[in-house]
Each structure stands twice: as structure tokens, then as C-alpha cells.
Amino acid sequence: MIELTSDALDPEKVTAKVRRDTNGAVVTFLGTTRDNFEGKRVLSLEYEAFDEMALKKLEEVRQEIMAEFGLEQLAISHRIGTVGIGEISLVIAVGSPHRKEAFYACHKAVDRIKESVPIWKKEVYQDGSRWVACEDHEFSPVDQTAGDQASAETHAH
């Protein structure tokens, strides 16, 4: 399951997608908005995405992680729009016969999403805002052009 939504995320619903009688481990990661960053008070996060490419890249990450760790169940749900303090922006659920693979797969999935999926995050502070971690993305020349267009279109609004 791959999902990109502006709705509040339900970790139980995402986790249920990977629960099976054959799995001895289910690991769920929740990425939540914290109230501070480097001494600044964070009010909210704002996520924007190039939806079509983000969904494609999320599925690529999902397939890569499942193949690497020999998994059959991995679900990813990412929220876009404004995400308030304590709210969930990312849910990754991994079902695996064994816990070690489930933990490692979940950890790697988070890293790969941050590296390769065209979803951009703006931290809104009490005294301003800034776009965060966009420079960490690895895009091929084709993806970079699409990402630049989406970013330019998104930021024009």
C-alpha cells in the first residue's frame, strides 16, 4: 500500500495492511511534528509534493525494500499539507517473519524516502519559515527537471 494524502493519517489502518499470521514481527514508524528545531519554536510543518512522481518513487522504495529484506508486506502513507505539532506526517509499516529484518527495513525505508521522494518540507517557526532538507534528494536528470517544474509551480501559488 502506498498513499499520499492531505487527510490525517491513521497508523492503525496502515499497520493493519501488513499484519499476517505468517509475520512474527510488525514494526510501525510514525514521523511526527516536533515543537522545536535547533533552538527555534516550530509551529507546524508544511509538505508539498509532485504527486505523480512522489507516488512512483514511494512505490519504487517499497519494492526495493521488500526485495532487499525478503518481505511481502510494506505500507507507506505520507501526508501533505499542514501538519501541526504532534501530528503524524509519515507512517511506514513493515510485516516480516522476523523482527530484525522488520526493524532494519523500516529504518532503511525512512532514509530512502527522505533521499529520493519529491516531497518537500517547510518548517514554520514563530519568527519565520524555511524549506528543509530539499538538498538531500537524489534525482536523475529526468526527475530533476520534473521536480524543478513541480517546485516552481507549487511555490508560485
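Select from segment 97-127 the residues that are part of a loop (DSSP other than H, G, I, E, B) and either closer than 28 Å to residue 53 by Cβ or among the charged types (D, E, K, R) (or both) and write down the one among them that is nearest to the chain's Cα centre (by Cα). If you could, list the steps in order and put the result at the bottom.
Our first condition is that a residue be part of a loop (DSSP other than H, G, I, E, B); within segment 97-127, this holds for 97-98, 117-118, 126-127.
Next, only the ones that are either closer than 28 Å to residue 53 by Cβ or among the charged types (D, E, K, R) (or both) stay: 117-118, 127.
Details: 117: 8, 118: 10, 127: 26 Å.
Across segment 97-127, the extreme among qualifying residues is 117.
I'm trying to understand the selection: among the residues of segment 49-78, which are closer than 15 Å to residue 114 by Cβ and in contact (Cβ under 8 Å) with a residue 60 or more places away in the chain? First the steps, then the outcome.
Let us first name the residues in segment 49-78 that are closer than 15 Å to residue 114 by Cβ, namely 49, 54, 57-58, 60-62, 64-65, 76, 78.
Passing the criteria: 49, 54, 57, 62, 76, 78.
From the set of residues in segment 49-61 that are aliphatic (A, V, I, L, M) and under 13 Å from the mean Cα position of the chain (by Cα), which is surrounded by the fewest Cβ atoms within 10 Å (Cβ to Cβ)?
Step one: filter segment 49-61 for residues aliphatic (A, V, I, L, M), giving 49, 53-55, 58, 61.
Filter once more, so that each one left must be under 13 Å from the mean Cα position of the chain (by Cα): 49, 54-55, 58, 61.
On the way: 49: 21, 54: 24, 55: 16, 58: 25, 61: 23.
Among them, the one singled out is 55.
Do the conditions hold for residue 46, that is, is it at pLDDT 95 or above, more than 11 Å from the chain's Cα centre (by Cα), surrounded by fewer than 19 Cβ atoms within 10 Å (Cβ to Cβ) and not in a strand (DSSP E or B)? Spell out how you get there, then give the answer.
Numbers: at pLDDT 95 or above: yes; more than 11 Å from the chain's Cα centre (by Cα): yes; surrounded by fewer than 19 Cβ atoms within 10 Å (Cβ to Cβ): yes; not in a strand (DSSP E or B): no.
So residue 46 fails the test.
Which of (1) among the aromatic types (Phe, Trp, Tyr); (2) loosely packed, with under 15 Cβ neighbours inside 10 Å; (3) in contact (Cβ under 8 Å) with a residue 60 or more places away in the chain does residue 131 not meet, given it meets every other one?
With respect to (1) among the aromatic types (Phe, Trp, Tyr); (2) loosely packed, with under 15 Cβ neighbours inside 10 Å; (3) in contact (Cβ under 8 Å) with a residue 60 or more places away in the chain, residue 131 is out only on (3).
Restrict the check to segment 70-85 and report whether at least one residue is at pLDDT 95 or above, of a type outside the set (Val, Ile, Thr), in contact with a His (Cβ under 9 Å, 6 or more places away or on another chain) and surrounded by 15 or more Cβ atoms within 10 Å (Cβ to Cβ). Give the derivation first.
Of all residues in segment 70-85, those at pLDDT 95 or above come to 70-71, 73-85.
Adding the requirement that they be of a type outside the set (Val, Ile, Thr) leaves 70-71, 73-75, 77-79, 81, 84.
Narrowing the set further to residues that are in contact with a His (Cβ under 9 Å, 6 or more places away or on another chain) leaves none.
No, segment 70-85 contains no residue that is at pLDDT 95 or above, of a type outside the set (Val, Ile, Thr), in contact with a His (Cβ under 9 Å, 6 or more places away or on another chain) and surrounded by 15 or more Cβ atoms within 10 Å (Cβ to Cβ).
Please tell me if residue 15 is touching a residue at least 60 places away in the same chain (Cβ under 8 Å), in a loop (DSSP other than H, G, I, E, B) and not small (Gly, Ala, Ser).
It is false that residue 15 is touching a residue at least 60 places away in the same chain (Cβ under 8 Å), in a loop (DSSP other than H, G, I, E, B) and not small (Gly, Ala, Ser).
When you go through (1) within 16 Å of residue 107 (Cβ to Cβ); (2) buried (at least 16 other Cβ atoms within 10 Å of the Cβ); (3) under 18 Å from the mean Cα position of the chain (by Cα) one by one for residue 64, which number turns out not to apply?
(2)
Would you check which residues across segment 77-96 are of a type in the set (Val, Ile, Thr) and in a strand (DSSP E or B) and list them?
Residues of segment 77-96 of a type in the set (Val, Ile, Thr): 80, 82-83, 85, 88, 91-92, 94.
Those that are of a type in the set (Val, Ile, Thr) and in a strand (DSSP E or B): 82, 83, 88, 91, 92, 94.
The values are calculated or read from the model by the stated rules, or taken from the named source; none is laboratory data. Since we're looking at a predicted model, the values are computed, not measured. Positions of Cβ are generated from backbone atoms using ideal geometry, with glycine treated the same way; all protein chains shown enter the neighbour counts.
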